[in-house]
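This report concerns only the one structure given below.
Read-outs: derived from the displayed coordinates by stated rules, not from any lab. Small disclaimer: the values here were computed from a predicted structure and weren't measured. Cβ placement follows ideal geometry from the backbone for every residue including glycine, while neighbour counts extend to all protein chains displayed.
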Amino acid sequence: MNDFKQLGLGKHITERLLKEGISVPTPVQESAIPKVFEGTDLIVQAMTGSGKTLSFILPILEGIQPGAQEIQALVVTPTRELALQITEETKRFSGPNVNVLAVYGGQDVEKQLKKLEKSVDIAIGTPGRILDHLRRGTLKLEKLRFLILDEADQMLHIGFLSEVEKIIESSSPERQTLLFSATMPEGVRKLAKKYIKNPEYLQLESTQGPAKSVKQTAVYTTDRTKLGDLKGIINEQRPFMAVIFCRTKRRAEKLADQLTAEGYSCAELHGDLSQAKREKVMQRFRKAEFQLLVATDIAARGLDVEGVTHVINYDIPLDAQSYVHRIGRTGRAGMGGVAITLISQKDKDLLVSIEKELQITINKKSALPNEKAVDSRDISDNKDKDRKHGDKRKLDKNRKSRQKTAFASASRKKNISKRPSEKKSSSRSGRYGNR
Ligand code: ADP
Ligand code: MG
């Protein structure tokens with residue numbers, strides 16, 4: 001097993017990693033970091049929560065020259081939340097001389113412009129705002145050395161493709177291009193070859209399925225009893241923290257209102273909120289200030305929040321990729337997690353197609369009889385106590401043991417550059433439409 005030094009990282013970065021308790025590279029880091037140093041263009045597929053972010057951030061931090069007056073690395077992400085998260089992660093490991101800037105919509109353009117006047121070394125953002133700055137001439141990519149598409153299959157999906165194409169066309173032909181995702185359908189890989197030269201495909205798992213550490217169940221429900229069944233699940237499972245996914249902004253808003261009215265500790269996250277609210281909600285969730293995040297698919301990709309023990313699909317996801325990413329919000333960094341998908345009669349075919357595409361069988365259960373669904377107020381009374389004294393202790397313990405165990409999975413079987421069980425990606429138009 002390699003350590004980070006053996007992968008080619010310098011003293012400063014390895015020391016910073018150690019300070020954060022990170023000493024053993026994950027399998028994707030072991031495979032990708034040396035390849036990034038070699039200068040190879042990469043398409044990397046590795047499970048949700050397996051440490052893909054550091055596998056591009058760390059070699060980039062070694063590879064750039066701070067203060068060169070030109071942007072040297074650009075990371076493109078599908079959501080503002082993910083852009084901010086990666087910005088924070090980058091700042092954790094970059095030295096004081098490296099300028100890292102998040103570039104995303106909903107935030108004051110003037111403020112971003114001011115920062116762009118200074119020398120920015122690494123920019124991390126969403127396509128719309130990046131293009132905005134390219135058009136204004138405030139962001140120049142002629143000297144770009146690294147272009148990263150995180151959640152690359154989504155970035156090359158129709159909703160984002162034309163914007164991402166323009167970003168690619170504006171960036172230096174000398175750049176190195178790196179694509180990362182937990183799901184990399186063959187169509188996307190073919191398409192990617194249009195933009196990148198002789199990419200090497202690193203596939204870390206033999207199938208592109210959900211994280212193995214997540215225990216998955218589907219629970220039968222009906223539209224009429226869905227809310228009661230959800231409450232039954234929450235009351236029975238007592239998640240430390242959970243993300244509850246809804247199909248639309250409206251439904252997320254309504255469900256969050258209903259749960260709040262019944263005394264649950266929850267907040268909503270979707271595209272109808274102001275940027276300030278979106279940021280506040282994520283900050284509070286990261287501090288475990290509330291228990292249930294009711295969200296649309298804007299929370300499905302990339303978000304890494306410690307303490308999320310459960311993902312509940314209140315509405316079934318529309319395709320297999322979305323299922324993999326949603327439930328990947330738990331079971332991260334070697335921890336366990338639980339994913340529960342509520343299924344009404346009309347969702348059954350979709351569930352079958354998700355199972356078929358991912359080659360998995362999801363355990364099915366009926367909902368708890370309603371009388372067993374304890375009154376939520378009983379739970380709220382106990383919840384704080386439970387979370388503080390029970391699960392919180394477990395969380396702290398898990399945090400400590402994580403370094404030992406999480407990436408002992410480094411010994412997991414690797415299957416690099418072999419063909420996965422190729423499946424065509426089910427098409428989904430639009431970007432976030434009503435999400
Ligand atoms: P992915 O992008 O593959 O879904 P992330 O990059 O978000 O996963 O990483 C998941 C979590 O694992 C993060 O909290 C990250 O800080 C942590 N992590 C990454 N690499 C390591 C490592 N080598 N050792 C311990 N924790 C790690
Ligand atoms: Mg990621």
Once the Cα gyration tensor of the stretch 134-241 is found, what semi-axes does its equivalent ellipsoid get, as square roots of 5 times the eigenvalues, in whole Å, sorted largest first? 40, 18, 13
Check each of the GluC sites (Glu not before Pro) in the stretch 10-103 and keep only those in coil by DSSP with at most 13 other C-beta atoms within 10 angstrom; list them in order. Glu20
Among the Cα-Cα pairs of the stretch 159-308, the proportion with separation greater than 22 Å, in percent, is 56 percent
note: the stretch 55-196, Cα-Cα separations exceeding 25 Å make up a percent value of 19 percent
Report the trypsin sites (Lys or Arg not before Pro) located in the stretch 284-327 that are in a DSSP loop and have at most 15 other Cβ atoms inside 10 Å of their Cβ, or state none. Lys287
Over the stretch 233-297: Kirkwood hydrodynamic radius from C-alpha pairwise inverse distances, Å: 11.8 Å
Once the cut-off is 15 Å, how many percent of the Cα-Cα pairs in the stretch 33-83 end up in the long-distance tail? 57 percent
Which of Lys11/Lys140; Lys215/Lys364; Lys215/Lys365; Lys91/Lys277; Lys226/Lys365; Lys91/Lys115 have a Cα-Cα distance over 19 Å? Lys11/Lys140; Lys91/Lys277
Evaluate 2.2 N^0.38 Å with N set to the residue count of the stretch 1-132, then give the Cα radius of gyration divided by it. 1.06
Taking the alpha-carbon centroid of each part, what is the distance from the stretch 81-145 to the stretch 153-188 in angstrom? 18 Å
